[in-house]
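Asks: If you scroll down you'll find the structure; I have some questions about it.
Please treat every number below as a calculation from the coordinates, not as lab data. None of the values given here were measured: they were computed from a predicted structure. Backbone-built Cβ (ideal geometry, glycine too); neighbour counts: all protein chains shown.
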Amino acid sequence: MIDENMRQTIEGLIKKFPCRDSAVVPSLSYIQKVKGHISENDMEDLAIILQFPEARIFSAASFYSMLKLMPKARYHIQVCTNVSCSLVETETLFDHISGKLGIGEGEITPDGLFSLESVECLGSCGYAPAMMVNSEHYENLNFKKADEIIELIIKEFTGKYP
Amino acid sequence: MEEIKRSGLRGRGGAGFPTGMKWSFAKADPKFPKYLLCNADEGEPGTFKDRPILEKNPHLLIEGMVISGYVLGSEYGYIYLRGEYPAAADILNAAIKQAYEANYLGDNINGKGVKFHLAVHQGAGAYICGEETALIESIEGKKGQPRNKPPFPVNVGAWSMPTIVNNVETLSNLPYIIEIGGEAYSNIGSKECPGPKLFCVSGHVKKPGVYELPMGTNLKDIIYIHAGGIRDGGKLKAVIPGGISTPVLPADAIDCAMDFVAMPKAGSMLGSGAVIVMDDSVCMVRVAYRALKFFEHESCGKCVPCREGTDWLRKVLARVEKGKGKDGDIELLSDIAEIMMGRTFCPLGDGAAGVVMGMIKHFKNEFEEHIKNGRCALSC
């Protein structure tokens, strides 16, 4: 459900552009930012606000790789495995994190804290290997640094080291 | 306009189209309003040159866009920012707010009667939106799939109006051109493509990073002088000179000028100036496979040669890479790439085909070894 508050923000996004169509992707990104993912209900509501067929909203939502139609974990880890990064061993970094968290590509830890995904270029090629945790870039990584980042998050959440 | 033409500035996004010429097309179109879009969908793997401008010097870009708006008679500008740069979005929005407060943006800029409004539109993860017509589709709220050309965006672009799409780096060159004049600017770098250029060096070099150098700087100098040479005492094996979509160059072919004219003669392209350096520990079959995995993922699915071609290239490369290749696979790869070349809607398919062709041309022996021995000679 999109509440009144969110509706007003979306109306604000519409005003930025010459026509309402352009607000589709920004609105979807905004819904995801607030709710973590975009549900079918949200798309129905957005269709009413934007005065579009639902199909058009769904077509955009399913096209862009950063828009998530399924719930994801509180911390979504994206490891770049593209050429510049894999030259400096990110595929092993991905495996390392995967092993540490006990989850594979696209999976979520049972406690819902982490999800893991290998992604295409994050624009950190000169500072590879790189990953993103939610909207934060982490660059020049190695196994130890990645462990530290993950442990810090766990510590913050459970109040103890794993 | 004349000053921009005199400067000889060429688009920095990858195609190298003369900026002044592009602008004169849009200006000549009698339709209003005209739109100015900044392409900040920097997604070409190996490229990270626009991020420092967006994050460290956003006002340079804003100034460039105001100048362009003034020249073109465009009153509305949008920055199409890739979704993967959330930090840059916050910085740009803050900078735009400052510019409005200082009256460098608005209905009557500094009381000079010039109107220009600017906003950020953030993408949501689609490499293809770096292609200008896909970018326009995306900003109109549709799937980012390229349009047929003609009509070109300069006549029928965003919201069916004349639209200029320029790269971040291109627009950021404008304040400097206006400051020193087109003629002085044209004396920097090489004659046919003047000006400074941001080169981003990644991979096996001692000092990876973004380097601003005159256009036409020798690729060898970029790697050995500016980026400090190959790291860990390795030996240079190959270089991808302009982002992953440009054909690879073997180590003995890197003595060439990096500009839009000289690179095609050397057998590759300048692209976005993203130099990916690989030492002798790298398996080229693996790089080709990884590149095609990317293209297959990012192909928008609109045209058949690209959608099917990238998929088949990836599948065949995957089995060759795993040592399960069959006799005739190299010919099959060349065949698929040739069918794709020049027959796709947008340059994504050409790029994918060019990568495979380049790899086979220069490193055929590695593909043969994989197929013959069932494994990689580098044991990776």
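Asks: Report the antiparallel proportion of the DSSP beta bridges in region B:2-186 as a percent, rounded to a multiple of 5. Write out the running numbers ahead of the final one.
Replies: On the way: 2 of 19 bridges.
Antiparallel bridges: around 10 percent, rounded to the nearest 5.
Asks: Continuing with the same structure: Go ahead and run the numbers for FRET between B:ASP107 and A:GLU151, Cβ-Cβ distance against an R0 of 45 Å, rounding to 0.05. Walk me through the numbers on the way to the answer.
Replies: Values: r = 53 Å, r/R0 = 1.17.
FRET efficiency, B:ASP107 to A:GLU151: 0.30.
Asks: Continuing with the same structure: Calculate the dipole size of region B:2-186 relative to its Cα centre from +1 charges on Lys and Arg beta carbons and -1 charges on Asp and Glu beta carbons; express the result in debye to the nearest 20.
Replies: Working: 19 positive and 21 negative charges, 84 e Å.
Dipole magnitude for region B:2-186 comes out near 400 debye.
Asks: Let me ask something else about it. Could you work out the mean projected area of the convex hull around the alpha carbons of region A:75-158, in square nanometres to one decimal? Intermediate values should be presented prior to the final figure.
Replies: Details: hull surface 19.1 nm².
Computed as one quarter of the Cα hull surface, the answer is 4.8 nm².
Asks: At A:MET1 and A:SER39, where each label point lies 7 Å from the Cα along Cα→Cβ, what is the point-to-point distance in nanometres?
Replies: My value for the distance between the label points is 0.9 nm.
Asks: By what distance, in whole Å, do the Cα atoms of the protein assembly as shown stretch along each of the three principal axes, largest value first?
Replies: Dimensions of the protein assembly as shown along the principal axes of its Cα atoms: 71, 60, 44 Å.
Asks: Restricting the count to DSSP beta bridges whose residues both fall in chain B, what percent are antiparallel, rounded to a multiple of 5? Could you put the intermediate results ahead of the total?
Replies: On the way: 17 of 38 bridges.
Approximately 45 percent, going by the DSSP bridge assignments.
Asks: Pairing the Cα long axis of helix B:58-72 with the longest principal axis of chain B, what angle in degrees results, from 0 to 90 and rounded to the nearest 10?
Replies: On a 0 to 90 degree scale, this one is about 70.
Asks: Still on this structure, please answer the following. By counting other Cβ atoms within 10 Å of each Cβ, how are B:MET258, B:MET161 ranked from fewest to most? List each step's numbers first, then the result.
Replies: Numbers: B:MET258 29, B:MET161 19.
In increasing order of surrounding Cβ atoms, one gets B:MET161, B:MET258.
Asks: Rank the residues B:ILE67, B:ILE136 as a footprinting-exposure proxy: fewest other Cβ atoms within 10 Å of their Cβ go first. Could the numbers behind the result be given before it?
Replies: Details: B:ILE67 18, B:ILE136 25.
Listing B:ILE67, B:ILE136 from fewest to most nearby Cβ atoms yields B:ILE67, B:ILE136.
Asks: Taking beta carbons within 10 Å but only from partner chains, what does the mean come to for residues A:116-124?
Replies: Mean shielding by partner chains, rounded to a whole number: 6.
Asks: Sticking with this structure for a sec: Hey, what does the equivalent ellipsoid look like for region B:2-186, semi-axes from the Cα gyration tensor as sqrt of 5 times each eigenvalue, largest first, whole Å? Don't jump to the answer; show the numbers that get you there.
Replies: Numbers: eigenvalues 94, 78, 60 Å².
Result for region B:2-186: semi-axes of 22, 20, 17 Å.
Asks: Magnitude of the Cβ-charge dipole of the protein assembly as shown, K/R +1 and D/E -1, about the Cα centre, nearest 20 debye? All intermediate terms of the calculation are to be shown ahead of the outcome.
Replies: Details: 59 positive and 67 negative charges, 113 e Å.
Dipole of the protein assembly as shown, to the nearest 20 debye: 540 debye.
Asks: Quick check on region B:284-373: take the gyration tensor over C-alpha atoms, sort the square-rooted eigenvalues as a ≥ b ≥ c, and tell me if it's rounded (a/c under 1.5), prolate or oblate. Please report the intermediate quantities before stating the final value.
Replies: Numbers: a/c = 2.06, a/b = 1.82, b/c = 1.13.
The shape class here is prolate.
Asks: Report the local net charge at A:GLU148: Lys and Arg +1, Asp and Glu -1, summed over other residues whose C-beta lies under 13 Å from its C-beta.
Replies: Numbers: positive: A:LYS100, A:LYS144, A:LYS145, A:LYS155; negative: A:ASP147, A:GLU151, A:GLU156.
Result for the neighbourhood of A:GLU148: +1.
Asks: Toward the positive end of the charge dipole of region B:25-111, about the Cα centre and with charges on Cβ (Lys, Arg +1; Asp, Glu -1), which of B:TYR104, B:PRO86, B:PHE32 goes farthest?
Replies: The listed residue farthest towards the positive side: B:PHE32.
Asks: So how far, in whole Å, is the C-alpha centre of region B:288-303 from the one of region B:148-193?
Replies: For region B:288-303 versus region B:148-193, the Cα centre distance is 29 Å.
Asks: While we're on this one: When the scattering of region B:196-279 is computed by the Debye formula from its Cα atoms alone, each counted once and equally, what is log10 I(q)/I(0) at q = 0.13, 0.26 Å⁻¹?
Replies: Here the Debye-derived log intensity ratios amount to -0.31, -1.38.
Asks: Quick one: 3J(HN,Hα) in Hz for region B:286-298, Karplus 6.51/-1.76/1.60 with θ = phi - 60°, rounded, Gly and Pro as x.
Replies: Residue by residue, region B:286-298 yields 5, 4, 4, 4, 5, 5, 6, 4, 5, 4, 5, 5, 8 Hz.
Asks: OK, next. Any idea which of B:SER172, B:CYS283, B:VAL120 is furthest toward the positive side of the dipole for chain B, if Lys and Arg beta-carbons carry +1 and Asp and Glu beta-carbons -1?
Replies: B:CYS283
Asks: Sort B:SER299, B:SER186, B:SER281 by Cβ crowding within 10 Å, fewest neighbours at the top. If you can, show how the numbers build up before the last one.
Replies: Working: B:SER299 24, B:SER186 17, B:SER281 13.
Ranking B:SER299, B:SER186, B:SER281 by Cβ neighbours within 10 Å, fewest first, gives B:SER281, B:SER186, B:SER299.
Asks: Could you point to the residue in A:ASN142, A:GLY99, A:HIS37 farthest towards the positive end of chain A's charge dipole, with +1 and -1 charges on the Cβ of Lys/Arg and Asp/Glu respectively?
Replies: It is A:HIS37, whose Cα lies furthest towards the positive end.
Asks: What number comes out for the charge environment of B:LYS27, summing +1 per Lys or Arg and -1 per Asp or Glu over other residues with Cβ under 15 Å away?
Replies: Values: positive: B:LYS5, B:LYS22, B:LYS31, B:LYS34; negative: B:GLU2, B:GLU3, B:ASP29, B:GLU75.
Every neighbour counted, the sum reads 0.
Asks: For chain B, go through all pairs of different Cα atoms, get the mean of 1/r, take its inverse, and jot down that Kirkwood value in Å. Write down the numbers at each step before the final one.
Replies: Numbers: mean 1/r = 0.0464 Å⁻¹.
Over chain B, the inverse of the mean reciprocal pair distance is 21.6 Å.
Asks: Please give the charge dipole size of chain A, origin at the Cα centre, charges +1 on K and R Cβ atoms and -1 on D and E Cβ atoms. Round to the nearest 20 debye.
Replies: Details: 15 positive and 23 negative charges, 77 e Å.
Charge dipole, chain A, about its Cα centre: 360 debye, nearest 20.
Asks: Another question, if that's okay. Just how far, in whole angstrom, is region A:86-121 from region A:27-59 if you go by their alpha carbon centroids?
Replies: After rounding, the separation between the Cα centres reads 28 Å.
Asks: Right, here's the next one. I'd like the orientation of helix B:304-321 relative to chain B: the angle between its Cα long axis and the longest Cα principal axis, in ° from 0 to 90, rounded to 10.
Replies: That helix lies at roughly 40 degrees to the long axis.
Asks: How much length is gained on full extension from B:ASP90 to B:GLU2, taking 0.36 nm per residue of separation minus their Cα-Cα distance? Write out the running numbers ahead of the final one.
Replies: Values: separation 88, 0.36 × 88 = 31.68 nm, distance 3.49 nm.
Between B:ASP90 and B:GLU2, full extension yields an extra 28.2 nm.
Asks: Related question: Between the helical axis of B:86-101 and the dominant principal axis of chain B, each derived from Cα atoms, what acute angle in degrees is found, rounded to the nearest 10?
Replies: Taking Cα atoms only, the helix is inclined about 10 degrees.
Asks: With the crude spin-label approximation of a point 7 Å out along Cα→Cβ, what separation in nm comes out for A:ASP95 versus B:LYS326?
Replies: 2.9
Asks: To continue, here is another question. Expressed as a whole number of Å, what is the distance separating the alpha-carbon centroids of region B:90-108 and region B:12-43?
Replies: Taking the Cα centre of region B:90-108 as reference, the centre of region B:12-43 is 22 Å away.
Asks: Let me ask something else about it. Label-point separation (nm) for B:GLU338 and B:PHE25, each offset 7 Å from Cα along Cα-to-Cβ?
Replies: Placing both labels 7 Å along Cα→Cβ, they lie 3.2 nm apart.
Asks: Counting only residues 5 or more places away or on other chains, whose amide H sits under 5 Å from the amide H of B:ALA274 once H atoms are built in the peptide plane?
Replies: Under 5 Å from the amide H of B:ALA274 lie the amide H atoms of B:CYS200, B:GLY242, B:GLY243, each far enough along the sequence or on another chain.
Asks: Suppose R0 equals 35 Å; then what is the FRET efficiency for A:LYS16 and B:ASP221 from their Cβ-Cβ distance, rounded to the nearest 0.05?
Replies: Values: r = 44 Å, r/R0 = 1.27.
E(calc), rounded to 0.05, equals 0.20.
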